[in-house]
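The values are calculated or read from the model by the stated rules, or taken from the named source; none is laboratory data. None of these values were measured; they are calculated from a predicted model. Positions of Cβ are generated from backbone atoms using ideal geometry, with glycine treated the same way; all protein chains shown enter the neighbour counts. Heads up: the accessible areas ignore ligands, DNA and RNA and are worked out on the full protein's heavy atoms, side chains in. Shrake-Rupley method; radii C 1.70, N 1.55, O 1.52, S 1.80 Å.
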Amino acid sequence: MKNGWEAIIGMEIHAQLATETKIFCGCAANFGDEPNANTCPVCLGLPGALPVLNENVVNLGAKAALALGLNINETSIFSRKNYFYPDLPKGYQISQYDQPFSSNGTLTIMTAERDETGRAGEFKPMKIRIERMHLEEDAGKNVHEGLPETDKYSYVDLNRAGTPLGEIVTAPDFRSSWQAYDYVNHVRRVLQWVGASDADMEKGNLRCEANVSVRKIGEGKFRTKVELKNLNSVRFMQKAIEFEIERQIEAHETGETVNQETRLWDEKNNRTRIMRSKEDAHDYRYFPEPDLQPLKVTAEFVERVKAEMPELPDAMRDRFMESYELSYADASQLVSDKDLAAFYETTAKASGNPRVSANFILSELTRELNNAGKTAHDSPVSAENLAALIKTLGAGEINNNKAKEVLTEMCASGKSAAEVIAEKGFEQISDSSAIQKIVDDIIANNQTQVNAYRGGNEKLFGFFVGQTMKASGGKANPKVVNEILREKLAG
Ligand code: ZN
Ligand code: MN
């Protein structure tokens, strides 16, 4: 970073937990339905309505907490966070304050800096302290009609009011925008992986905020921080942080004040701009929610959720590297998607050839799936069928180029490897007596070259391989051809 400055970044993520119903009532947690269709007295905040905690929020919250390395607290308290806003019908949000659902986590992420072209350097592990993940309800949504200048009407849609959220807060441990970028992607993936959240930023069910400040390296205390909000993609978030770091360093160096404020990413102008200053900072007057009991979680419950947890992607990646001798890059790509990882493992086991399985899946199959707009989840070729093809290849019954052609046809037709190979007449000739016969003919018909080879022109070996392959229609097993030629040409 510039002239001995360093960036200090903390992250807050709101992730919608993937329950069917809202956190304190039985309304469907579907945002995007007909406005206000999914509402009831509880989530409309009507007088006398009482909240009841949705058990599945606790289940999914526990999965999320464990996936992020957090400790689940035996007792947590729901509190009222008071503020006035049109999309908050009760005038307060039920959240958690001084006793959150989970806290004190350490998460190891893999992170790398990127160069100007966006190319990543070496990915290295980095420990991030996660201070807490508490449970809370979401607010509704204000919908403004038309452009801000011509805005005449605003509407309130309360379908989202009362949908469950986990708010994940880190310590200010990030020192670069790419670390924050890798962290958010890590969180997204593990939440999806364990089924705690759809974590789709486009749909707004994962939202992130970054707190950014800078200081001179070696300086003990923090300088004024700026909060970046409404970052609707991980890439925009990274750009916003990067811009903000530069802007603050510049301000400090020229003696301008960095104000504590909330800023937005202005996509059109590629810069952050002010949303509001912190002078109108809220005092939320938190107090315990009198209508809800403290949430108590037993050790047995935590053990049960732990037992139900799938192997996490990073652990799976390390295992793939270890047991299947895959590179970090290949193993990472295979665990980028849960279905792809499972598809790979089935193929590797059934084929008995994990390396070739990885190569085939990451290059050939991925290309076919991309062309068809599909993923491993709806692959037209099953893992078992792909394994059969890889076995055929490994046994030398078909060569590599033909195997690729077979896979393309398998994807198009849904037929098995054996069917396609038979139809196309691709069986490789590995039978040595058949190849010996071809080699005998080649030797008999090319005596000049045979004599030259035996006279010391070893380069001619390739000529004989070429002739034999041609005579077999490309079907001869090259390994067997080589062996037989060496033997026969030796005289
Ligand atoms: Zn409701
Ligand atoms: Mn929150």
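Hey, any hits in segment 21-31 for a residue that's over 30 Å from Gly218 (Cβ atoms), within 16 Å of ligand 2 (Cβ to nearest atom) and of a type in the set (Val, Ile, Thr)? Within segment 21-31 (the criterion being over 30 Å from Gly218 (Cβ atoms), within 16 Å of ligand 2 (Cβ to nearest atom) and of a type in the set (Val, Ile, Thr)), the answer is yes, since at least one residue qualifies. With a requirement of 3 or more residues that are away from ligand 2 (no atom under 16 Å from the Cβ) and modelled with pLDDT of 95 or more, the strands (runs of 3 or more DSSP E) lying completely within segment 135-230 that satisfy it span 206-216.
For segment 300-324, a tally of residues being over 19 Å from Val194 (Cα atoms), more than 22 Å from the chain's Cα centre (by Cα) and in contact (Cβ under 8 Å) with a residue 12 or more places away in the chain returns 1. Meeting the requirement of 2 or more residues that are without any contact (Cβ under 8 Å) to a residue 40 or more places away in the chain and surrounded by 19 or more Cβ atoms within 10 Å (Cβ to Cβ), the helices (runs of 4 or more DSSP H) wholly within segment 352-402 are 354-359, 383-394. Beta carbons closer than 8 Å, at least 6 apart along the sequence or on distinct chains, pair a first residue in segment 7-27 that is among the small types (Gly, Ala, Ser) with a second that is within 10 Å of ligand 1 (Cβ to nearest atom) for Gly26/Cys40.
Selection of segment 9-36 for residues being among the aliphatic types (A, V, I, L, M) and within 11 Å of ligand 1 (Cβ to nearest atom) yields Ile23, Ala28, Ala29.
Can you run down the residue pairs with Cβ atoms below 9 Å, 6 or more apart or on separate chains, where the first is in segment 36-47 and farther than 10 Å from Pro89 by Cβ and the partner is within 16 Å of ligand 2 (Cβ to nearest atom) and open to solvent by 30 Å² or more (accessible area, probe 1.4 Å)? Going by the 9 Å Cβ cut-off, the qualifying pairs are Asn38/Arg160. The residues listed here are Glu419, Glu427, Glu405; of these, the one that is among the acidic types (Asp, Glu) and not in a helix (DSSP H, G or I) is Glu427.
Given the structure, is Glu246 open to solvent by 90 Å² or more (accessible area, probe 1.4 Å) and farther than 30 Å from Tyr344 by Cβ? Taking the combined requirement at face value, the residue does not satisfy it. Cβ-Cβ contacts under 8 Å between residues 6 or more apart (or on different chains), taken from a first residue in segment 474-491 that is basic (Lys, Arg) to a second residue that is open to solvent by 50 Å² or more (accessible area, probe 1.4 Å) and modelled with pLDDT of 85 or more, are listed as Lys488/Gln436; Lys488/Asp440.
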